[in-house]
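Read through the structure below, which is laid out as C-alpha cells, and then see the notes.
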Amino acid sequence: MEREVLLSIQGITKTFPGVKALDGVDLEVTQGEIHGLVGENGAGKSTLLNIISGVFRPDQGGMWLCGQPFAPANPRQAQDRGIGFVHQETALCPHLSIAENIFLGRAPERSLSLIDFKQAEDLTAKLLREFHLDIDPNLRVNELNIAAQQVVEVLKALSSECRLLILDEPTSSLTESETETLFMMLKKLSTKGIGVLYISHRLAEVFRICDRVSVFRDGRYIHTKKVTETNPDEMITMMVGRSIDNLYPPKSAVKGEPLLRVESLERQGKFHDISFTVYQGEILGLAGLVGAGRTEVARAVCGIDRCDRGEVYLEGGQSISTAMPSPSPPKWSM
Ligand SMILES: Nc1ncnc2c1ncn2[C@@H]1O[C@H](COP(=O)(O)OP(=O)(O)OP(=O)(O)O)[C@@H](O)[C@H]1O
C-alpha cells in the first residue's frame with residue numbers, strides 16, 4: 001500500500017561562510033515510516049535537521065508538510081506544525097518533574113489561567129502507561145538516567161501531537177536494553193502513522209529499525225533505498241563515494257611480537273572472562289554498547305581499578321597484578 005507523503009523537501013541549499021553545507025537536497029518521508037538518514041561527518045545531516053526544526057532558514061528550496069508549504073521561522077513554529085525533535089543531548093529542565101517538562105510552555109489550565117498540575121500529571125501517567133513505562137511522572141528529571149530522559153523527550157514530542165519525530169544519534173548514550181525500549185517506542189509511533197527521521201552512524205541499527213534509508217554525501221542527497229533492498233556495504237559505498245574495497249587500506253597479515261596479553265580477566269558485576277592479545281603495530285578495537293564494560297576493562301588493564309581474577313602480561317611475559325588498583329598505571333615498555 002502506498003503511504004502518503006508526510007514531509008517533502010526539494011532543492012534545499014544552505015551555505016555557511018566558506019562551506020556549502022547543503023547543495024540542492026531532496027528528501028521524502030512518508031506517514032508511519034521510520035526513515036534513516038546516514039552520511040559521513042560533515043555530510044549535512046544536522047544542517048538539514050536544523051532547517052526542518054526551524055533553527056536555520058534555507059537559502060534556496062522548499063519544504064511541504066502534509067502537502068502544505070512548510071517554512072518554519074523558528075523552532076516554535078516547527079513544533080506547532082507537528083515537528084518533534086529528540087536531541088543527542090537532552091534539552092530538558094533538570095529541576096522540573098517529568099510532567100512539568102512534558103507540558104512546559106503549554107500546560108493544561110484551570111480557571112483564572114492557573115496551571116492544572118493534576119491534569120498534566122494524569123496525562124503524563126497515561127502516556128507512560130501507553131508505552132509500558134513504570135516511571136513516576138512526579139520524578140524530577142535530574143533523578144533520571146540518560147535513557148529515561150530521552151524517553152521523556154520522546155513523550156514531550158508526542159504530547160504536542162507531533163507528526164514527524166526527528167531523532168539525532170539517539171542511542172549514543174544508551175545501553176542495549178535502553179536501546180530496545182527506544183526502538184519499541186519508535187515502532188509503536190510508526191503504527192500510529194507518525195513519521196520518524198532517524199539519524200545515526202550505526203548502520204546495524206538503521207538496518208534493524210528503519211523502513212527506508214537516505215544517504216547524504218558532502219552536502220548532497222545521493223539516494224534513498226528500502227533497507228530490504230540494500231545492504232551495509234552498498235550504503236558505505238554511497239556514503240564515501242568509492243568502492244568499499246578502498247575503504248580501509250590493506251593491513252599487513254604479519255603480526256609483530258605480543259605486547260600485551262590479557263587472560264580471563266574478571267571483575268564481578270562488570271566484566272567476565274576477558275582475554276585478548278595486542279601485537280606490535282596493531283590497533284585493537286574494543287567494541288560494545290554503553291554498559292558493555294569496555295571502559296571498565298581498559299581501566300583494569302591500566303591498573304586503575306582492581307580485578308577479582310585474571311592476569312595481565314606485558315611484553316616479555318612480565319605479569320602485573322590486577323588484584324589491587326595500582327598507585328600509578330604500569331609503565332609500558334616500547
Ligand atoms: N553553524 C555553522 N557554521 C558554519 N559551518 C557549519 C555550521 N554548521 C555546519 N557547518 C558546516 O557544514 C557542513 C555540514 O555539517 P553538518 O553538521 O550538517 O554535517 P553532519 O552530516 O551532521 O555531520 P556529523 O555527522 O558530524 O554531525 C560541515 O562542513 C560543517 O562544518
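What follows draws every value from the coordinates through simple rules; no lab data is involved. In this text, all values refer to a predicted model and were calculated from it rather than measured experimentally. Positions of Cβ are generated from backbone atoms using ideal geometry, with glycine treated the same way; all protein chains shown enter the neighbour counts.
Amide H contacts of Leu22 (H built 1.01 Å from N, in plane; Pro and chain starts excluded): Lys14 sit under 5 Å, all sequence-distant by 5 or more or on other chains. Peptides 255-261, 197-203, 9-15 ranked from most to least packed give 197-203, 9-15, 255-261, packing being the mean of other C-beta atoms within 10 angstrom over each peptide's residues. Applying 1/(1 + (r/R0)^6) with R0 = 51 Å to the Cβ-Cβ distance of Glu161 and Ala204 gives a FRET efficiency near 0.95. Take every Cα pair under 8 Å whose residues are at least 6 apart in sequence, average their separation, divide by the length of the stretch 5-246, and the relative contact order is 28 percent.
Report the calculated FRET efficiency for Leu314 and Ile115 (r = Cβ-Cβ distance, R0 = 51 Å), to the nearest 0.05.
0.20
Cα convex hull, the stretch 257-320: 75 Å³ per residue, rounded to a whole number. Would any residue of the stretch 33-47 have its amide N under 15 Å from a label point 7 Å out along Cα→Cβ of Thr191? List them or say none. From the stretch 33-47, the list is 33-34.
What the phi angles of the stretch 94-105 give under the Karplus curve with 6.51, -1.76 and 1.60, with θ = phi - 60°, is a coupling list of x, 8, 9, 6, 4, 4, 5, 5, 4, 9, 4, x Hz, glycine and proline written as x. Computed over the chain, the range of Cα coordinates on each principal axis works out to 74, 51, 42 Å, biggest value leading. Between Val55 and Phe16, full extension at 0.36 nm per residue minus the direct alpha carbon distance yields a gain of 12.7 nm. Karplus-based coupling profile of the stretch 51-60, in residue order and whole Hz: 6, 5, 8, x, 7, 10, 9, x, 7, 8, with θ = phi - 60° in 6.51 cos²θ - 1.76 cosθ + 1.60 and x standing for Gly or Pro.
Extension gain, Phe276-Ala71: 0.36 nm per intervening residue step, less the Cα-Cα distance, totals 68.4 nm. Only DSSP H runs of four or more residues enter the estimate; each adds -39500 (n - 2.57), and after division by the residues of the chain the mean residue ellipticity at 222 nm equals -7500 deg cm²/dmol. Here the 3J(HN,Hα) profile of the stretch 303-310, calculated from phi with Karplus coefficients 6.51, -1.76 and 1.60 at θ = phi - 60°, is x, 7, 10, 7, 10, 8, 7, x Hz, Gly and Pro shown as x.
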